[in-house]
Amino acid sequence: MGYYREGGGRKFGGPRRGPASFGPKPVEEGKEYEVDIKEISRRGEGIARIEGFVVFVPNTKAGDHVKIKITKVSNRFATGEVIQ
């Protein structure tokens, strides 16, 4: 007798979920925010954080202060575009 589970998967519980999977997000699609770009992603997009929630903003660089409009919100991050 062991903990082997046919088909693989985790021994205990279901799929692992991080805190970003739960509750309301601090951003909404279509809303505008002023953000500071703090770093750059591997794909070259600027990264801002709104209440700790990651927002990717193309065509920005670290140090930029921009006004953005959120274009997409997922469980772990959002994407925005510069509007000003």
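The values are calculated or read from the model by the stated rules, or taken from the named source; none is laboratory data. Values in this document were obtained by computation on a predicted structure and should not be read as measured data. Cβ coordinates were reconstructed from backbone atoms using ideal geometry, including for glycine residues, and neighbour counts include every protein chain displayed.
For Gly9, the stated conditions do not hold, so it cannot be described as surrounded by fewer than 14 Cβ atoms within 10 Å (Cβ to Cβ) and at pLDDT 95 or above.
Candidates in the range 12-37 are the residues that are at pLDDT below 95 and outside any loop (DSSP other than H, G, I, E, B); of these, the one that is nearest to Ala62 (Cα to Cα) is Ala20. Give the range 38-60 a look and list any residue that's surrounded by 12 or more Cβ atoms within 10 Å (Cβ to Cβ) and outside any strand (DSSP E or B), or say none. Of everything in the range 38-60, those that are surrounded by 12 or more Cβ atoms within 10 Å (Cβ to Cβ) and outside any strand (DSSP E or B) turn out to be Lys38, Ser41, Glu45, Pro58, Thr60.
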